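All remarks here apply to the structure that follows.
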2 protein chains.
Amino acid sequence: MSEPFDSKLPHVGQLSEKEIIGRLKNIFGDLMPPSPFGPGDDCAIIDNPPPNSKLYATSDSVIMGVHFSPETSPERSGAKLLNRNASDIASMGGRPYCAITSAVFSKNLSLNWLDGFCKGLSDSASKLGVKIVGGDCASVKGDYFSMHLTMLGVSTLRPLLRTGASIGDKICVTGSLGLSFETGHHLDFSPRLREGELLAIDENVSACTDLSDGIASDILNLLPESAAAILDEASLPLRKFSGKLAKIENALTDGEDYELLFTYKGNPLRLSELFKSEGLAPISVIGEISPKGNFGSIILRDGVGNLKAFRGRGYSQLA
Amino acid sequence: MSEPFDSKLPHVGQLSEKEIIGRLKNIFGDLMPPSPFGPGDDCAIIDNPPPNSKLYATSDSVIMGVHFSPETSPERSGAKLLNRNASDIASMGGRPYCAITSAVFSKNLSLNWLDGFCKGLSDSASKLGVKIVGGDCASVKGDYFSMHLTMLGVSTLRPLLRTGASIGDKICVTGSLGLSFETGHHLDFSPRLREGELLAIDENVSACTDLSDGIASDILNLLPESAAAILDEASLPLRKFSGKLAKIENALTDGEDYELLFTYKGNPLRLSELFKSEGLAPISVIGEISPKGNFGSIILRDGVGNLKAFRGRGYSQLA
C-alpha cells in the first residue's frame, strides 16, 4: 500500500516546482506534447479541432477524503479523475481531445504516491488518446491532495443534450446500477465513449446524460416540464456483488454509476443489437416518460402494473 | 469587511448544490450563456474559434491563505483569479475567449463572501469579454476555499513564445516591478492584453512571457542555452509605494508583477511610441541577452558598466 502523507518518505516538499514538473513529464511521456503544444510555455497551443466539429468542455476534480480515501490506491484515484471527465464527454457523444490539470497538495505528500496517481491518470489518458497539454500546481498546509481537470472533447456528430425528451419516450440505461462504492466501480469504470457516439448517431435518442449522482437525481435533468419518469422495478439492471444484487433504493440513489442514461423514441431494439455486436455495455429499457400525476417525478411500477412514488434522493455533494 | 468563515452567518452548507449554482448564475448574469453553450448540460459547447485562429489554454488557481488572505476583499480575490489566467493569454498575444471554473469550499463558507468573490470574478470577466461556460464544485472539511480556472484564448496572430530570443536581443518589460504584495498590485493588476497583441504583431519581438514569479525566475525561461541576462540597474522600472521605491532585489524577486517580459531585436522605440499613443503600459528596455560568462545567468550592470552576478531567486510555490 502507498501511504500518501509521511514526511519520513521522500515527499514533494523536497523538490522544486521544476523538479516536480520534470518528474511528472517523465511519467506522462508521449502523452505530453512538447512545448508550446504541451506544458512549458505560458499557454498550451491547442490543435485546431477538425473542420465542422464541435468543441466540448467539462471540468471535474477528485479530492482525497471526498472522491477517494487516503487508503485508495493512487493509480485508481488518478484513473478516476481522467475517466469521470471523459464520462461527461461521452454523454454528449463526443470524444476526448485534450486535458489540463491543476493540482493542490501539502508538502508532505509522498512522491511515490503522487507518481502512482499520475501513472493512473496517464494510463487512462493513454487508453483514450487524450493529450495532457498543461498544468499548474500549488501547495497548502495540512494533509491535502486534490487535482482538478478540464477536458476538451470534439465531435462531428450532433451534440447529445439533456433537453429533447418527450412524454412517451422510453427511458434507457447502459450497464448496471448501484453498489458503486462497495464494488470499487466508482474507481474502475470505463467511460461509455463508443456507446455515446452510437447514441448521437441514432436520431431516435432524444436526450442523454451520464449517471454521476444516481438516477433519482440525474433523471430529473432529462424530464420535460410536467413529466414524470415511470421506472419498472423488474427492468432495473441491478449490479451484483458477492452473490448479492443491489437493492432498488441503492441502484437509484448511490451515484457514481458513470453509465449513460438516455431517452428513446420507440423501441431501441436495433441499437441494442448493435451494442451487442460491438461488445459494448448492454442497454436496458427501464421505463418511460409519462405525464406527471400525483406520484411526483419518479414513479416505481411493479410486476403487475401497480405504481408508487419513489421519494429517495440521489447523491448531493453539498447535502 | 466580509468574514469568510462564520457558521452563524448564512453559509453554503445551508443550500443545495442546485441552489448555489442558481445563485452564482444570477451573479454572473449575461456572462454565462444559456445551456448547452453555458452551464446546465454535461459539457459546455464551445463556439468554434474563428477560422485561421489559434486556440490557447491555461489553468491557474487561487487558494485562500496562499494567493490571498482571509482578510482580503473577496471581490479583489475573484478578480485576481480571472486576471492571472488572462495574463497568461496576454503573454501569448491572444485574447481571452471563455473560462471554466472548479471550486472547493468548506460548508461554513459565508454566502456573502462567495457572492463577493464571484462578483469580482464576474466584473473582471465582463471587462475582458470572457464567458464563463461551466463549472464544478465540491466541499471539504475545515476552513477552505479554492477556485481553479481554465481559460481558453484565441488569436489570429502568431503565438508569442518563450523560445526565440538570441544573444544581442534587448530585454524589455511593461509597467513597474516589485512590491506587488505591499501595494496590492497582485490583486488589482490589469492583464496586458492589448500590449500582448501589439507585441505579437511586431516581428522584432523574439520571445515573451508574463511575470508571475519575478524576473529572477521568469527571465530564465526566455534565455537561450549558454546565454545570460544583463540587467541595467538604472533602467529597472521600480514600483513606487508611499514615496519609496522598490529595492532592486525586490523588483527582481517579489513575483506577481503580471507584466510582460519580452526580448526585442533592435531598439523598440517605435513600439514604445505606439504603446504611449494608445495609453498602454510603458515599455522599459532593461538590458540585453549576452553570452554566458562567469557571472551566472543573471548579471547586474551599474551606471559605469561594472558587472556583478545576481544570486537572488524568484518566488517558488513549493520552495
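A short reminder: the numbers here are calculations on the coordinates, not readings from a lab. As the structure is a computational prediction, the values presented were derived from the model and not from experiment. We place every Cβ from the backbone using ideal geometry, glycine too, and count neighbours over all the protein chains shown.
Please list, by residue number, everything in segment B:73-109 whose backbone N is under 15 Å from a paramagnetic label point 7 Å out along Cα→Cβ of B:THR183.
Once the point is set 7 Å along Cα→Cβ of B:THR183, nothing inside segment B:73-109 turns out to lie under 15 Å by backbone N.
Report the FRET efficiency, 1/(1 + (r/R0)^6), for B:LEU307 and A:PHE295, where r is their Cβ-Cβ distance and R0 is 51 Å, rounded to 0.05.
Calculated value: 0.05.
Out of all DSSP beta bridges in the protein assembly as shown, what portion is antiparallel? Express it as a percent rounded to 5.
Values: 98 of 130 bridges.
Bridges in the protein assembly as shown are about 75 percent antiparallel.
By counting other Cβ atoms within 10 Å of each Cβ, how are A:LEU114, B:LEU223 ranked from fewest to most?
B:LEU223, A:LEU114
Send over the per residue convex hull volume for segment B:56-128, Cα only, as a whole number of Å³. Walk me through the numbers before you get to the answer.
Numbers: hull volume 6.4 nm³, N = 73.
It comes to 88 Å³ per residue, whole-number rounded.
Once amide H atoms are built 1.01 Å from N in the peptide plane, which residues 5 or more positions from B:SER2, or in another chain, come under 5 Å H to H?
none
Given q = 0.08, 0.14, 0.15 Å⁻¹, what are the Debye log10 I(q)/I(0) values for chain A, with equal point scatterers placed on the Cα positions and solvent ignored?
For the requested q values the scattering log ratios are -0.40, -1.07, -1.17.
With the calculation restricted to Cα positions, what are the radius of gyration and Dmax of segment B:12-155 in angstrom?
Final numbers for Rg and Dmax: 14.8, 48 Å.
Using every pair of alpha-carbon atoms in the protein assembly as shown, split the distances into 20 Å bins beginning at 0 and state the percent of pairs per bin, rounded to integers.
In order of increasing distance, the bins hold 19, 50, 25, 6, 0 percent.
Considering chain B as a Gaussian network with a 10 Å cut-off on Cα pairs, which listed residue, B:ASN52, B:ASN250, B:ASN112, attains the greatest mean-square fluctuation?
B:ASN52
What ranking do A:66-72, A:97-103, B:195-201 get when scored by the average of other Cβ atoms within 10 Å per residue, highest first?
Going by the mean number of other Cβ atoms within 10 Å, highest first, we get A:97-103, B:195-201, A:66-72.
Mind checking the dipole of chain A: about its Cα centre, +1 per Lys or Arg Cβ, -1 per Asp or Glu Cβ, Debye to the nearest 20?
Result for chain A is approximately 280 debye, rounded to the nearest 20.
What list do you get for A:GLU233, A:GLU203 if you sort them by fewest beta carbons within 10 Å?
Ordered by Cβ neighbours within 10 Å, fewest first: A:GLU203, A:GLU233.
Pick from B:GLU256, B:GLU278, B:GLU75 the residue whose mean-square fluctuation is largest in a GNM of chain B, springs joining Cα atoms under 10 Å.
With Cα springs under 10 Å in chain B, the top fluctuation among B:GLU256, B:GLU278, B:GLU75 is at B:GLU278.
Tell me, what ³J(HN,Hα) does each residue in segment A:240-256 have, in order and in whole Hz, if you take phi through Karplus 6.51 cos²θ - 1.76 cosθ + 1.60 with θ = phi - 60° and put x for Gly and Pro?
Result, rounded to whole Hz: 8, 8, 6, x, 9, 9, 4, 6, 4, 3, 5, 4, 8, 10, 4, x, 6.
Go ahead and set up a Gaussian network model of chain A, Cα springs under 10 Å, then flag whichever of A:VAL62, A:VAL173, A:VAL304 fluctuates most.
Most flexible of the set in this elastic network: A:VAL304.
Taking the label point 7 Å from Cα in the Cβ direction, how far apart in nm is B:GLY22 from each other copy of itself, listed shortest first?
In nanometres, ordered from closest: 5.3.
Explain nothing, just the number: dipole magnitude of segment B:170-309 about its Cα centre with +1 on each Lys and Arg Cβ and -1 on each Asp and Glu Cβ, in debye rounded to the nearest 20.
400
From the backbone phi of segment A:22-39, what are the Karplus-calculated ³J(HN,Hα) couplings (6.51 cos²θ - 1.76 cosθ + 1.60, θ = phi - 60°) in whole Hz, Gly and Pro given as x?
Each residue of segment A:22-39 in turn: x, 4, 5, 4, 4, 5, 6, x, 5, 5, 9, x, x, 4, x, 7, x, x Hz.
Give me the percent of DSSP beta bridges within chain B that run antiparallel, rounded to the nearest 5. Spell out each step's value before the answer.
Details: 46 of 62 bridges.
Just about 75 percent of them are antiparallel.
At a temperature of 10 °C and a viscosity of 1.306 mPa s, determine how fast segment B:170-309 diffuses translationally according to Stokes-Einstein, using the Kirkwood radius over alpha-carbon pairs as Rh; express D in µm²/s, rounded to the nearest whole number. Don't jump to the answer; show the numbers that get you there.
Values: Rh = 15.2 Å.
Answer, rounded: 104 µm²/s.
To the nearest 500 deg cm²/dmol, what mean residue ellipticity at 222 nm is calculated for chain B from DSSP H runs of n ≥ 4 alone, each contributing -39,500 (n - 2.57), summed and divided by the residues? Could you put the intermediate results ahead of the total?
Details: 9 runs with 83 residues, N = 319.
Value at 222 nm, helices only: -7500 deg cm²/dmol.
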